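Enquirer: Pasting in a structure now, in structure tokens, and then I'll have a few things to ask.
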Amino acid sequence: MHWADATSEKIMKKRNAEEYVVSSGITPSGHIHIGNARETLTADAVYKGMLKKGAEAKLIFIADDYDPLRKLYPFLPKEFEKYIGMPLSEIPCPQGCCKSYADHFLMPFLNSLEDLGVEITTHRANECYKAGMYNDAIITALENRLKIKELLDSYRKEPLADDWYPLNVVCEKCGKMHETKVINYNSEDKTITYVCKCGFENTVKPFNGIGKLPWRVDWPARWNIFGVTAEPMGKDHAASGGSYDTGIKIARQIFNYQAPEKMVYEWIQLKVGDKAMPMSSSSGVVFAVKDWTEICHPEVLRFLILKGKPTKHIDFDLKAISNLVDDYDELERKYFEL
């Protein structure tokens, strides 16, 4: 039995849901590489395993395009320094060819998924927040601020500040998210007062895109919003004390939701000569998914990622692609002969 079939069977026995929602996602801060594709293809394999067993299931992809640009990455021009702190969806395309910065990196990946045989429903975080899908979760988080702080502090060496709020605000003047600070929440009229380093201050209802939950609160909130029952995650999120551990407690104690079953995957490293380096969009150490179809058939990439369990480490070496193709051809021949 293939590991994806075994995993889907295990999840179905444990959850016994009317519909299984398998989720994947990425922050399109740079070129989306085959290491990122491991998460989505893992989710797709488990989703397909559920369908084979006759279950009602769907596969979703959440693009975290409302995350801020954190720094001037090596592949960006100097003038993009002024956009640091702004949501990726609100920043212009670095090459002027797409609707936004986020779209510039997201669209080639989504188009590549079609070539890889992945049929997925995409949700963009910026659209979800602006449409009000997170409004209730924002209020729930603000009204349980101290409880969330206590949960997070139990995993931290240094506790969060006493005046910490589980909300990032997009400044209505400068458009930046990382330079604002919530200084008060009024539970009666559901408003927050915030100040920004640019000098702007306002009292406003933090809905429809004005406010965004920080990652460790956003993740468990979206599990509830989208009804997620299973999700692959990198070993960093799954590590002890990582965002999955805190997410489990926040989901259950704050949002009254059972956290999804986790599927942990290892990194894919890019081998250059004798060295193997973890792929990273921010550092520019990548082999983009969109470039794979220029050199090889998409099913061979699926073979590379899915032939071993997700917890198995992969070193990706361009020089070894011909050997990989030979392995795929041999497996295909044996399958159809049998």
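The values are calculated or read from the model by the stated rules, or taken from the named source; none is laboratory data. In this text, all values refer to a predicted model and were calculated from it rather than measured experimentally. Don't worry about glycine lacking a Cβ; one is built from the backbone with ideal geometry, like all the others, and counts go over all protein chains shown. Note: areas computed on protein heavy atoms with side chains; ligands, DNA, RNA excluded. Shrake-Rupley method; radii C 1.70, N 1.55, O 1.52, S 1.80 Å.
Enquirer: Roughly how many whole Å is it from the C-alpha centroid of region 213-231 to that of region 103-131?
Expert: Centre-to-centre (Cα) distance: 18 Å.
Enquirer: On to the next question. Region 228-267: which chymotrypsin sites (Phe, Trp or Tyr not before Pro) are DSSP loop and have at most 14 other beta-carbon atoms within 10 angstrom?
Expert: none
Enquirer: May I pose another question? Among the aspartates and glutamates, which fall within straight-line cross-link reach of Lys205, defined as a Cα-Cα distance under 17 Å, with same-chain neighbours fewer than 8 residues apart omitted?
Expert: Within reach: Asp136, Glu143, Glu172, Glu188, Asp189.
Enquirer: Do any trypsin sites (Lys or Arg not before Pro) in region 1-109 lie in a loop, going by DSSP, with at most 13 other beta-carbon atoms within 10 Å of their beta carbon, and if so which?
Expert: Here the sparse-neighbourhood loop sites are Lys53, Arg70, Lys71, Lys99.
Enquirer: Let me have the 222 nm mean residue ellipticity of the chain computed from DSSP H runs of 4+ only, each contributing -39500 (n - 2.57), with the sum over all residues rounded to the nearest 500.
Expert: Taking each H run of at least 4 residues, the total per residue is -11500 deg cm²/dmol.
Enquirer: If you don't mind, there's one more thing I want to ask. Have a look at Asp65, Asp317, Asp274 and tell me which one the Gaussian network model of the chain (Cα, springs below 10 Å) gives the largest fluctuation.
Expert: Asp274
Enquirer: OK, next. Angle between the Cα long axis of helix 34-52 and the longest principal axis of the chain, 0 to 90 degrees, nearest 10?
Expert: That helix lies at roughly 80 degrees to the long axis.
Enquirer: Put one equal scatterer on each alpha carbon of region 208-338, apply the Debye formula with no solvent term, and list log10 I(q)/I(0) at q = 0.12, 0.16 1/Å to two decimals.
Expert: -0.67, -0.95
Enquirer: If you don't mind, there's one more thing I want to ask. Using the Cβ atoms and a cut-off under 15 Å, what net charge is assigned to the surroundings of Leu76, where Lys and Arg are +1 and Asp and Glu are -1?
Expert: Here the count lands on +2.
Enquirer: Tell me the trypsin sites (Lys or Arg not before Pro) within region 103-157 that lie in a loop according to DSSP and have at most 12 other beta-carbon atoms within 10 Å.
Expert: Sites meeting the loop and neighbour criteria: Arg156, Lys157.
Enquirer: Here's a follow-up. What do you get when you divide the Cα radius of gyration of the chain by 2.2 N^0.38 Å, with N the number of residues?
Expert: So the chain has a normalised radius of gyration of 1.05.
Enquirer: Follow-up question, since we're still on this one. Probe of 1.4 angstrom, ligands and nucleic acids ignored: what's the accessible area per residue over the chain, in square angstrom?
Expert: 49 Å²
Enquirer: Cα centroid distance between region 255-308 and region 150-202, in Å?
Expert: The two parts, judged by their Cα centres, are 35 Å apart.
Enquirer: Averaging the inverse of every distinct alpha carbon separation and then flipping it gives the Kirkwood radius. What is it for region 72-174, in angstrom units?
Expert: This gives a value of 17.1 Å.
Enquirer: Based on DSSP loop calls and a cut-off of at most 12 other Cβ atoms within 10 Å, the longest stretch of the chain free of exposed GluC sites (Glu not before Pro) is what?
Expert: 189-338
Enquirer: Mind checking the angle between helix 321-337 and the chain's longest principal axis? C-alpha axes, 0 to 90 degrees, to the nearest 10.
Expert: 70 degrees
Enquirer: Could you tell me what percent of the accessible area of the chain is made up of carbon and sulfur, with a 1.4 Å probe and every protein chain present?
Expert: In the chain, the share of accessible area belonging to carbon and sulfur is 48 percent.
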